[in-house]
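Colleague: This is the structure I want to talk about, given as structure tokens.
Quick note: the coordinates plus some simple rules give every number you see, no bench work behind them. All figures in this text were calculated on a predicted structure; none of them were measured in a lab. In this analysis, Cβ positions are derived from the backbone assuming ideal geometry, glycine residues included, and neighbour counts consider all displayed protein chains.
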Amino acid sequence: MTYLLDANVFIQAKNLHYGLDFCPAFWNWLIEKNSTQQVYSIDKVSDEIAAGGDELTDWIQEQGHDLFLKTDSAVATQFSKLSTWSMSQGYDPAAVSLFLQVADYYLIAHALANKHIVVTHEVAANTKKRIKIPNVCAGLGIRFMSPYEMLRREKARFVLGECV
């Protein structure tokens, strides 16, 4: 089982439950699971995070080299299927145009090409103004889940040692 993480997994972890300064176990778990080829993200997500110019950007530059997959020809072959699907679902043209330009589009293409499970905080929504990852995954038969479901399935344990 290989997981593919959306940008919001990293960003919300940093901002909320797994701050880099107080929960290094989460970040170490990501690196460990990446070394066993179970957890990845993609280059476009790395680009989104780098635009933030904060401690998460620093972490990626220092620790996350192998975590972000490059977009290759196998992924590119999925663009047509993904574009056709997004244009045939009745979304507003602006929503389709935006979707075709953002990391979500590439993330889902990677999942299609390599049978990865998409991990995101997004939830499905019945709106024509924005294309959400869970809606696309459901429409194309791609498995997806929340980060918490991934952590539970993988039996992640972030246990306190000696508190300081």
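Colleague: In whole Hz and in residue order, list the ³J(HN,Hα) couplings for the stretch 90-99 that follow from phi through the Karplus curve 6.51 cos²θ - 1.76 cosθ + 1.60, θ = phi - 60°; x for Gly and Pro.
Modeller: x, 6, 4, x, 5, 5, 5, 4, 5, 4
Colleague: Taking only the alpha-carbon positions of the stretch 73-143 and ignoring solvent, what does the Debye formula give for the base-10 log of I(q)/I(0) at q = 0.19, 0.20, 0.27, 0.28 Å⁻¹?
Modeller: Results for the stretch 73-143 at q = 0.19, 0.20, 0.27, 0.28 Å⁻¹ read -0.68, -0.76, -1.42, -1.51.
Colleague: Which one of Trp29, Ser88, Gln101 is farthest out on the positive end of the charge dipole of the stretch 1-128, using unit charges on Cβ (Lys, Arg +1; Asp, Glu -1) and the Cα centre as origin?
Modeller: So the residue we want is Ser88.
Colleague: Between the DSSP loop rule and a limit of at most 14 other Cβ atoms within 10 Å, which GluC sites (Glu not before Pro) in the stretch 40-89 are left?
Modeller: none
Colleague: Rounded to the nearest 20 Debye, what is the dipole magnitude of the stretch 3-153 about its Cα centre when Lys and Arg each give +1 and Asp and Glu each give -1 at the C-beta?
Modeller: 800 debye
Colleague: Give the share of C-alpha pairs in each 5 angstrom bin for the chain, from 0 to the last occupied bin, in whole percents, shortest bins first.
Modeller: 2, 8, 18, 22, 20, 14, 9, 5, 2, 1, 0, 0
Colleague: Something else about it: What is the Cα centroid distance between the stretch 97-143 and the stretch 68-96, reported in whole angstrom?
Modeller: Using only Cα atoms to place each centre, the spacing works out to 9 Å.
Colleague: Specify, per residue and in Å³, the volume enclosed by the convex hull of the alpha carbon atoms belonging to the stretch 1-79.
Modeller: In the stretch 1-79, the Cα hull volume divided by residue count equals 97 Å³.
Colleague: Here's a follow-up. Residues with amide H under 5 Å of Tyr3's amide H, sequence separation 5 or more or different chain, H placed in the peptide plane at 1.01 Å from N; which?
Modeller: For Tyr3, whose amide H was placed from the backbone, the distant partners under 5 Å are Val39, Tyr40, Ile117.
Colleague: Tell me the chymotrypsin sites (Phe, Trp or Tyr not before Pro) within the stretch 39-122 that lie in a loop according to DSSP and have at most 12 other beta-carbon atoms within 10 Å.
Modeller: Taking the stretch 39-122 and a limit of 12 other Cβ atoms within 10 Å, no loop chymotrypsin sites (Phe, Trp or Tyr not before Pro) are found.
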